[in-house]
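Participant: Have a look at the structure that comes next, please.
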Amino acid sequence: MKFYKLKMKKLRLETNILHFFNFKFLIFNLYLLFILGLAGCGSTTTTSVKPTPKSSTSPAPEEEKGPSIVINGAVLDNYDEVGRPIWKVKANKSKYDTEKKMALVQGPDAELFQDGKVIYRVQAQQAEIEQDGKLLFLKGKIVATDPNNGVVLRGNELEWRPQQDLLVIRNQIIGSHKQMQAVAQEAKVKTRENRIEFTGGVAAKSVEPPLQMKTEHLIWQVKQETLIADRPVQMDRYQGNQITDRGRGDSAEVNLKTKIANITKNAQIEMTDPPLQIASNAMTWNFNNETVKSSTKIRVYHRVEQLNVTANQGELKIPEKIVYLNGDVNAIGDRRQSLRSKSLVWFLNKQLVEAQGDVAYRQGEPPLTFTGEKAVGNLESETIAVSAGQSNGSKVVTEIIPQGKFLNP
């Protein structure tokens, strides 16, 4: 039987209102033209239509399942109910599986649309298009680029679900942008919200501030320039290739524009210089101003001096190496010497503390206590000077505790 080539450019279903591509009519027309070609109705061609050639060897499983139609150099597109494009796929070769009612495309170059505008350009090795137009599936070395914000997502599988405004990329995800890079197992792009959710072994590293976040689920609000971890997260701050500080918490939010991180629920920060461990239920880490601040119960521990201080709230100014603590301040040294006050300023470089308001100092050797309105000194060396207030006429009270009667604070 002699095959004839048929000239086809682009098949569209035209109505008196809309002009759009309908997959069922494409297949119907292809079949009709194919049968006419078999009957001997030939014409000149730019696109060939022919059945899958049979080999002399045993047929492949695909060929045994049913007939298919092969098109070279096709353009497949799909439109919504008002005539706006949903996707356009250029293909080196496409084959329609009549049994599965699905088009298989080799070497696709696709454009994904929303409200008639291109939101992603995608290159892949292969594409599958359902006949009803609800799903576009691509696989093999995916490169998806958002032309509006410069986000590039790489993976090995991609699904475009236009009715859900959802783009899903799976299997060894690499996301890149001028602000950050991220790796994960899956990325879900909510295209209308301009939001990307990374899941599974997520490691995202921002350029400025130089910070890496490790978690199992990370939300990137691209337009708002924020990263949100709603599960336990570790944040490593870098200077060059060295980690200088590390933060942890059950959740965190980083604003890449303001360079501020809010760590909540079991928040902890470990710093190299100064050598501090800071813990609170909620902390604000300002990378721009070099501060750590908490308005809730806070604990600051100096690893070298072994001095532990708790308060109702506090702030660390990193360049100045000064800690400001307020509300029910309690400082305890390694030999159980303690200092209580309403507020305390801790000069880390000088190993000096200044306490004010209802000051009570206690040490064990020799066992004694001082009370007053102000205290200045070094808790580690137990050299503390307690003084009375100048306005209320208070006095310093010294209490000598008999040996063996010292009570721990």
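Participant: Search the stretch 367-383 for residues that are in contact (Cβ under 8 Å) with a residue 40 or more places away in the chain and surrounded by 18 or more Cβ atoms within 10 Å (Cβ to Cβ) and pair each with any residue that is among the β-branched types (Val, Ile, Thr) and in a strand (DSSP E or B) when their beta-carbon atoms are under 8 Å apart and the residues are at least 6 apart or on different chains.
Facilitator: Listed by first residue and then by second, the contacts come to Leu379/Val353.
Participant: Checking the structure you have, find out if any residue of the stretch 348-361 is crowded, with 22+ Cβ neighbours inside 10 Å, modelled with pLDDT of 95 or more, within 40 Å of the chain's Cα centre (by Cα) and within 21 Å of Ser381 (Cα to Cα).
Facilitator: no
Participant: Same structure again: Can you tell me which residue in the stretch 200-241 is nearest to Val143 (Cα to Cα), limited to those that are assigned to a strand (DSSP E or B) and among the acidic types (Asp, Glu)?
Facilitator: The extreme case among them is Glu216.
Participant: Got a number for residues in the stretch 255-277 being surrounded by 14 or more Cβ atoms within 10 Å (Cβ to Cβ), within 16 Å of Pro210 (Cβ to Cβ) and of a type in the set (D, E, K, R)?
Facilitator: Matching residues across the stretch 255-277 total 1.
Participant: State all residues of the stretch 179-211 that are within 16 Å of Asn149 (Cβ to Cβ) and exposed (fewer than 15 other Cβ atoms within 10 Å of the Cβ); if no residue qualifies, say none.
Facilitator: Arg192, Glu193, Val207
Participant: Identify, by number, the condition in (1) surrounded by fewer than 16 Cβ atoms within 10 Å (Cβ to Cβ); (2) within 19 Å of the chain's Cα centre (by Cα); (3) closer than 28 Å to Leu153 by Cβ that Ile243 doesn't meet.
Facilitator: All conditions are met except number (2).
Participant: Can you find, within the stretch 159-173, the residue that is farthest from Lys117 (Cα to Cα) among those that are over 19 Å from the mean Cα position of the chain (by Cα) and modelled with pLDDT of 90 or more? Steps first, please.
Facilitator: First, the residues of the stretch 159-173 that are over 19 Å from the mean Cα position of the chain (by Cα): 159-165.
Checking the rest, the ones that are also modelled with pLDDT of 90 or more come to 159-161, 164-165.
Working: Glu159: 18, Trp160: 15, Arg161: 16, Gln164: 16, Asp165: 13 Å.
Checking each candidate, the answer is Glu159.
The values are calculated or read from the model by the stated rules, or taken from the named source; none is laboratory data. This is a predicted model, so every value here is computed, not measured. Here the Cβ is made from the backbone with ideal geometry for all residues, glycine too, and neighbour counts use every protein chain on show.
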